[in-house]
Amino acid sequence: MIIAKGRQVHRLLRSRSYSWKSAGFIFLAWSAMTLPFIVSACDEVACEWSPNVGWWADLLHQLSPFDSLGAGTTVTVVLITYMVLTIYFLGHCLGWMLYGTKRLLRFAV
């Protein structure tokens with residue numbers, strides 16, 4: 001799915017019909033879910049990083065359509081949302097890399 005999204009973004013960039021607004025929204029949404037998501041536990045030797053979805057699930061559980069769901073279901077909704085955003089984010093990154101590589105190769109030739 002990431003490769004298909006990357007090829008689609010590459011095609012849109014080449015045809016100059018790429019929507020920068022949707023790309024900005026995806027990057028902001030992915031960053032908003034990822035940056036506060038990461039929890040680090042450090043000691044004198046090293047740091048250990050791990051994702052923490054509990055506070056997103058608590059926040060989502062307070063909204064009216066989700067307040068009747070169980071805790072496990074709410075965490076599942078958060079993880080699926082994060083998975084979809086990650087696929088779109090990585091697809092856009094791949095599409096930009098393909099487009100940039102093609103342009104660099106065109107200049108090299």
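The values are calculated or read from the model by the stated rules, or taken from the named source; none is laboratory data. The structure displayed is predicted, hence computed values, not measured ones. Backbone-built Cβ (ideal geometry, glycine too); neighbour counts: all protein chains shown.
Given the residues 53, 39, which is the only one that is within 24 Å of residue 81 (Cβ to Cβ), touching a Ser or Thr at 6+ places or on another chain (Cβ under 7 Å) and at pLDDT below 80?
The conditions single out 39.
Do you know which of the residues in the stretch 81-109 that are closer than 13 Å to residue 33 by Cβ and without any contact (Cβ under 8 Å) to a residue 40 or more places away in the chain is surrounded by the fewest Cβ atoms within 10 Å (Cβ to Cβ)?
Selected residue: 83.
Taking the conditions exactly as written (hydrophobic (A, V, I, L, M, F, W, C) and out of contact with any Ser or Thr (no Cβ under 9 Å at 6 or more places or on another chain)), does residue 32 satisfy them or not?
Spelling it out, residue 32 is indeed hydrophobic (A, V, I, L, M, F, W, C) and out of contact with any Ser or Thr (no Cβ under 9 Å at 6 or more places or on another chain).
Against the condition farther than 29 Å from residue 3 by Cβ, modelled with pLDDT of 80 or more and assigned to a loop (DSSP other than H, G, I, E, B), how does residue 69 come out, does it pass?
Taking the combined requirement at face value, the residue satisfies it.
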